[in-house]
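Engineer: What follows is a single structure, and I will ask about it in a moment.
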Amino acid sequence: MSLRAALSVPARYGCLVAGMLPVLAFPSLDLEPLAWVALVPGLLLLRAAPSAREAAVRGWWFGTGFVLAAMYWLLPSVGPALPLIAVVFGVLQSGFGVAARALLRPALTARRALAALVLLPAVWVVAEFARSWQALGGPWALLGATQWQHPTVLALASIGGVWLVSAAVVAVNTAVLLVLVAERTALRALGAGAAVALLLAGPAAFALTPAPVAVRTATLALVQPGLTPDGASRLAASAALTSALGDHPDLVVWGESSVTTDLSRDAVALSRLRSLAAAGDTELLVNEDARKADGHISKDAVLLDSAGIQARYAKMRLVPFGEYIPFRAALGWLTGISKAAAENRTPGHSFHLFEPVDRTGRPLPTGVLICFESAFPDLSRTATLQGAQLLVYQSATSTFQHTWAPEQHASLAALRAAETGRPVVQAALTGVSVAFDPQGRELARYGTGQRGVLTVQLGLPDPRVRTWYDRIGDVVPWSAVALSLGAAGYALRPGRRRRATTSPAAEGAEQPATAGHS
């Protein structure tokens, strides 16, 4: 089929628009109830595809629409490359299109309906899991993140991570579709019963899982200086807010890129920060975005007190295009037409806990991660397994200040809290600074229009306490991979393909109607 013909199929444009609908459930719009039915229009178009090939193409268009809408705010960083990125990532939903048609096409049977309730969530999670690979960008806009304001639903994340929440949302959408399109009353009842059971699964897990017991408390001050014209004024604004603190918190946290010089070599800036720590009788957690002695630029979390630097961690998961350009030799031209990184940052190679000392002299095991790293469940889980009682994210999203990005970013902290059973805070230069308890309930927030210090007292669990997700890790996505591969192998086995070819009701009978599709 020619490109012109491929672009003239109306159903494909319907899939493109249908892929955008779930994005309305994410921040900033936060129409989170919509997530439970937002896939239904897309599923209707996918099940109606006249062939498996066309279903794959429609799934591709659906995925492209989703990425375009979910990540529109990347335009300043990637410019015209955004549609290309959406098309590349959109292809990951081709399998979802094929599976939806294979399992939901008319006339529905009980066997295929039951399989759809299991396999469609699995295939969706596989696509999210693949997209979450760091080399492909990272786990942004996972469907489970739409439920960040509902700790009762996030209880599922404490069992199987955000992946289990995504699977539940897709399963409910599938169940709703069964209610709408099944001809047999029994199948409609199956869909209704499955939807109710799945909607109750999160609240049931929340009710049956004891809340983490606080064995101590800690007070943190999150410094949000707001928009500033340059690094020097940012440092001055953060220092002024810190020096004005009336109380003495256990730890003062500054946002990402709050310091733009290498403190190991800038004696003046280090002396200023040491004096701040001494005056406040506290420790400071700042963040460097600076060229180091080896000539490379890195973003480092730096813990210091009145005596000097106590710990350092270099950001490992960098933002594509924002902090480095993949395949710079081929894509470096983007720097001339967008705000893509003019020079690649250098990633760190290992994670370790920080242990600031609280006001009583006790160490406070803290997992410190930087900005985009809040999107990665494995990093917060690593911190928890190392004994962290608290997770801290240092962030800066000023490039995307008036988009949905800051709110989407802040919502990820709720997921990481629920997954790990640890309180989580995020200190952002220009907002959103936020704090969540170990079950993902919001405790305090400073929006993008605010400037000041957000002080929050957190109850900290025993460092030996583990959620199910802490224990089992990414069992859900790997199980989804196994299920999807098993189903694909079953569908493609030689005997089944021969029967499908000879059956007048099978795919071959539909080929004349699909000769024009690709």
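The values are calculated or read from the model by the stated rules, or taken from the named source; none is laboratory data. Remember, predicted model here, so these are calculated numbers, not experimental data. Here the Cβ positions follow ideal geometry from the backbone for every residue, glycine too, while neighbour counts run over all protein chains shown. Heavy atoms of the whole protein, side chains included, go into the accessibility calculation; ligands, DNA and RNA do not. Shrake-Rupley method; radii C 1.70, N 1.55, O 1.52, S 1.80 Å.
Engineer: Considering only residues that are closer than 21 Å to Ala244 by Cβ and either within 18 Å of the chain's Cα centre (by Cα) or not charged (D, E, K, R) (or both), which ones fall in segment 435-468?
Structural biologist: Of segment 435-468, the ones closer than 21 Å to Ala244 by Cβ are 435, 444-447, 449-457.
Residues satisfying the conditions are Ala435, Ala444, Tyr446, Gly447, Gly449, Gln450, Gly452, Val453, Leu454, Thr455, Val456, Gln457.
Engineer: Do you know which of the residues in segment 164-185 that are in a helix (DSSP H, G or I) and open to solvent by 40 Å² or more (accessible area, probe 1.4 Å) is nearest to Leu199 (Cα to Cα)?
Structural biologist: Leu164
Engineer: Now a separate question. Can you go through Ser264, Ser258 and tell me which one is open to solvent by less than 10 Å² (accessible area, probe 1.4 Å), hydroxyl-bearing (Ser, Thr, Tyr) and at pLDDT 95 or above? It would help to see each step written out before you state the result.
Structural biologist: Values: Ser264 fails: open to solvent by less than 10 Å² (accessible area, probe 1.4 Å).
Going through Ser264, Ser258 in turn, just one is open to solvent by less than 10 Å² (accessible area, probe 1.4 Å), hydroxyl-bearing (Ser, Thr, Tyr) and at pLDDT 95 or above: Ser258.
Engineer: Right, something else. Evaluate segment 209-222: report whether one residue or more is outside any strand (DSSP E or B), more than 30 Å from Leu114 (Cβ to Cβ) and either at pLDDT 95 or above or touching a Ser or Thr at 6+ places or on another chain (Cβ under 6 Å) (or both).
Structural biologist: Going through segment 209-222, the residues outside any strand (DSSP E or B) turn out to be 209-213.
When the remaining residues are screened for being more than 30 Å from Leu114 (Cβ to Cβ), the result is 210-213.
Filter once more, keeping what is either at pLDDT 95 or above or touching a Ser or Thr at 6+ places or on another chain (Cβ under 6 Å) (or both): 213.
Within segment 209-222, one or more residues are outside any strand (DSSP E or B), more than 30 Å from Leu114 (Cβ to Cβ) and either at pLDDT 95 or above or touching a Ser or Thr at 6+ places or on another chain (Cβ under 6 Å) (or both).
Engineer: Next question. Given the structure, is Gly202 assigned to a helix (DSSP H, G or I) and either closer than 27 Å to Val67 by Cβ or open to solvent by 50 Å² or more (accessible area, probe 1.4 Å) (or both)?
Structural biologist: On the way: assigned to a helix (DSSP H, G or I): yes; either closer than 27 Å to Val67 by Cβ or open to solvent by 50 Å² or more (accessible area, probe 1.4 Å) (or both): yes.
For Gly202, the condition - assigned to a helix (DSSP H, G or I) and either closer than 27 Å to Val67 by Cβ or open to solvent by 50 Å² or more (accessible area, probe 1.4 Å) (or both) - is met.
Engineer: Let me ask another. So which residues in segment 365-392 are more than 21 Å from Arg466 (Cβ to Cβ) and in contact with a strand residue (DSSP E or B) (Cβ under 6 Å, 6 or more places away or on another chain)?
Structural biologist: Ile370, Cys371
Engineer: Name the single residue, out of those in segment 26-42 being open to solvent by 40 Å² or more (accessible area, probe 1.4 Å) and either touching a Cys at 6+ places or on another chain (Cβ under 7 Å) or of a type in the set (A, V, I, L, M, F, W, C) (or both), that is farthest from Asn173 (Cα to Cα). So that I can check it myself, show each step before the final result.
Structural biologist: Kept after step one, since they are open to solvent by 40 Å² or more (accessible area, probe 1.4 Å), are these residues of segment 26-42: 28-29, 31, 33-34, 37, 41.
The next check asks that each one be either touching a Cys at 6+ places or on another chain (Cβ under 7 Å) or of a type in the set (A, V, I, L, M, F, W, C) (or both); those that pass are 29, 31, 34, 37.
Details: Leu29: 20, Leu31: 15, Leu34: 10, Val37: 5 Å.
Of everything passing the filter in segment 26-42, Leu29 is farthest from Asn173 (Cα to Cα).
Engineer: Any chance you could count how many residues in segment 211-222 are open to solvent by 50 Å² or more (accessible area, probe 1.4 Å) and over 26 Å from the mean Cα position of the chain (by Cα)?
Structural biologist: The number of residues fulfilling the criteria is 4.
Engineer: Same structure, new question: If you take the residues in segment 375-384 that are free of Cβ contacts under 8 Å to residues at least 60 places away in the same chain and of a type outside the set (Val, Ile, Thr), which one is farthest from Pro438 (Cα to Cα)?
Structural biologist: We begin by selecting, within segment 375-384, every residue free of Cβ contacts under 8 Å to residues at least 60 places away in the same chain; these are 380, 382-383.
Within this subset, residues satisfying the condition of being of a type outside the set (Val, Ile, Thr) are 380, 383.
On the way: Ser380: 13, Ala383: 14 Å.
The selected residue is Ala383.
Engineer: Collect the residues in segment 473-505 that are at pLDDT below 85, open to solvent by less than 50 Å² (accessible area, probe 1.4 Å) and assigned to a helix (DSSP H, G or I), keeping them in residue-number order.
Structural biologist: Selection gives Gly495, Ala500.
Engineer: Tell me, which helices (runs of 4 or more DSSP H) lie completely within segment 47-127 with 1 or more residues that are within 19 Å of Ala145 (Cα to Cα) and without any contact (Cβ under 8 Å) to a residue 60 or more places away in the chain?
Structural biologist: Output list reads 52-70, 81-90.
Engineer: Anything in segment 384-430 that is closer than 22 Å to Val252 by Cα and modelled with pLDDT under 95? List them, or say none.
Structural biologist: Thr397, Ser398, listed by residue number.
Engineer: Further question: For Ala56, which of the numbered conditions (1) within 20 Å of Ser166 (Cβ to Cβ); (2) open to solvent by 10 Å² or more (accessible area, probe 1.4 Å); (3) touching a Gly at 6+ places or on another chain (Cβ under 7 Å) fails to hold?
Structural biologist: Failing condition for Ala56: (1).
Engineer: Continuing with this model, one more query. Just to verify a result, which residue in segment 143-154, among those that are open to solvent by 10 Å² or more (accessible area, probe 1.4 Å) and either touching a residue at least 60 places away in the same chain (Cβ under 8 Å) or part of a loop (DSSP other than H, G, I, E, B) (or both), is nearest to Ala205 (Cα to Cα)?
Structural biologist: Pro151
Engineer: Quick one: which residue in Ala330, Ala341, Ala311 is over 22 Å from Pro139 (Cα atoms), of a type outside the set (Phe, Trp, Tyr) and at pLDDT below 95?
Structural biologist: Numbers: Ala341 fails: over 22 Å from Pro139 (Cα atoms); Ala311 fails: at pLDDT below 95.
Criteria check complete, one pass: Ala330.
Engineer: Can Phe372 be described as surrounded by 23 or more Cβ atoms within 10 Å (Cβ to Cβ), free of Cβ contacts under 8 Å to residues at least 24 places away in the same chain and either touching a His at 6+ places or on another chain (Cβ under 9 Å) or of a type outside the set (Lys, Arg) (or both)? Write out each step before concluding.
Structural biologist: Working: surrounded by 23 or more Cβ atoms within 10 Å (Cβ to Cβ): yes; free of Cβ contacts under 8 Å to residues at least 24 places away in the same chain: no; either touching a His at 6+ places or on another chain (Cβ under 9 Å) or of a type outside the set (Lys, Arg) (or both): yes.
No.
Engineer: Can you tell me which residues in segment 389-407 are touching a helix residue (DSSP H, G or I) at 6+ places or on another chain (Cβ under 8 Å) and open to solvent by less than 10 Å² (accessible area, probe 1.4 Å)? Spell out how you get there, then give the answer.
Structural biologist: The initial filter retains those residues of segment 389-407 that are touching a helix residue (DSSP H, G or I) at 6+ places or on another chain (Cβ under 8 Å), namely 391, 393-397, 399-400, 403-406.
Those that are touching a helix residue (DSSP H, G or I) at 6+ places or on another chain (Cβ under 8 Å) and open to solvent by less than 10 Å² (accessible area, probe 1.4 Å): Leu391, Tyr393, Gln394, Ser395, Ala405, Pro406.
Engineer: Across segment 267-292, what is the number of residues that are open to solvent by 30 Å² or more (accessible area, probe 1.4 Å) and either over 26 Å from Gly332 (Cβ atoms) or in a helix (DSSP H, G or I) (or both)?
Structural biologist: So the answer is 10.
Engineer: Out of everything in segment 235-255 that is out of contact with any Lys or Arg (no Cβ under 7 Å at 6 or more places or on another chain) and part of a helix (DSSP H, G or I), what residue ends up being surrounded by the most Cβ atoms within 10 Å (Cβ to Cβ)?
Structural biologist: Going through segment 235-255, the residues out of contact with any Lys or Arg (no Cβ under 7 Å at 6 or more places or on another chain) turn out to be 235-238, 240-247, 249, 251-255.
Restricting the remaining residues to those that are part of a helix (DSSP H, G or I) gives 235-238, 240-243.
Numbers: Leu235: 21, Ala236: 14, Ala237: 19, Ser238: 27, Ala240: 12, Leu241: 19, Thr242: 23, Ser243: 11.
In this case the residue turns out to be Ser238.
Engineer: All but one of (1) open to solvent by less than 60 Å² (accessible area, probe 1.4 Å); (2) part of a loop (DSSP other than H, G, I, E, B) hold for Leu412; state the number of the condition that does not hold.
Structural biologist: Condition (2) is where Leu412 drops out.
Engineer: Scan segment 1-46 residue by residue and report those that are part of a loop (DSSP other than H, G, I, E, B), β-branched (Val, Ile, Thr) and at pLDDT 95 or above. Full working, then the answer.
Structural biologist: To start, the set of residues in segment 1-46 that are part of a loop (DSSP other than H, G, I, E, B) comprises 1-2, 7-9, 26-31, 37-39.
Next cut, β-branched (Val, Ile, Thr) only: 9, 37.
Hit for segment 1-46 is Val37, nothing else.
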